[in-house]
Amino acid sequence: SEEEADGGAGDRAANATAELLEHDMGLGLPFRDGAFDGAVSVSALQWLCYDNDAASSAPRRLNRFFASLYRCLRAGGRAALQFYPENDAQAALIAAAAQRAGFAGGVVVDFPRSTKARKHYLCLSTERRYRAPDARDAAGAPQRR
């Protein structure tokens, strides 16, 4: 039967509930400690690089976000955050805030010589021994840094 083929996943999905939270991540994430195994973000991180007002500077917003993300991830948790910095200084500001919060890892830039295909990924872990993966080209070959 169809139910047997998917191991009952269809029933679980039909009965699953989800909640939506609208929140400024620059204020910090409002989740309990160790709530997540991992986190993924696409094209949101760069918006923390702008001041909301005099009391909410970009460095302060980035520090609050990364400190709360670190707290919300379980021991050994990881995060992959894709972003589009305006310039190298903005990418460095983001990476430094993550490092201050205790994360290991770094920025991986795919297609660094392309203006259209260039993508930045901040690959993080709460494990201090973690090393960010190497960037790869379209054929899967490692790119030179």
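The values are calculated or read from the model by the stated rules, or taken from the named source; none is laboratory data. Predicted model, so just to flag it, every value in this text is computed and none were measured. Here Cβ is always computed from backbone atoms with ideal geometry, including for glycine, and neighbour counts include all displayed protein chains. Each accessible area value is taken on the protein alone, full model and side chains, heavy atoms only, with ligands, DNA and RNA left out. Shrake-Rupley method; radii C 1.70, N 1.55, O 1.52, S 1.80 Å.
Things worth noting here:
- The convex hull drawn around the Cα atoms of segment 37-115, when projected onto a plane and averaged over every direction, covers 5.5 nm².
- For ALA39, the residues 5 or more places off, or on other chains, whose built amide H falls under 5 Å of its own are ARG78, ALA79, ALA80.
- When its C-alpha radius of gyration is set against 2.2 N^0.38 Å (N residues), segment 17-73 gives a value of 1.17.
- Inter-part distance where segment 17-45 and segment 97-138 are each reduced to a Cα centre, Å: 20
- Solvent-accessible surface ranking, highest first, for ASP53, ASP24 at 1.4 angstrom: ASP53, ASP24
- R0 of 22 Å, Cβ-Cβ distance VAL42-THR17: FRET efficiency to nearest 0.05: 0.40
- Vicinal HN-Hα couplings computed from phi for segment 110-121 (Karplus, 6.51 cos²θ - 1.76 cosθ + 1.60; Hz; Gly/Pro x): 8, 6, x, 8, 9, 8, 9, 8, 4, 9, 10, 10
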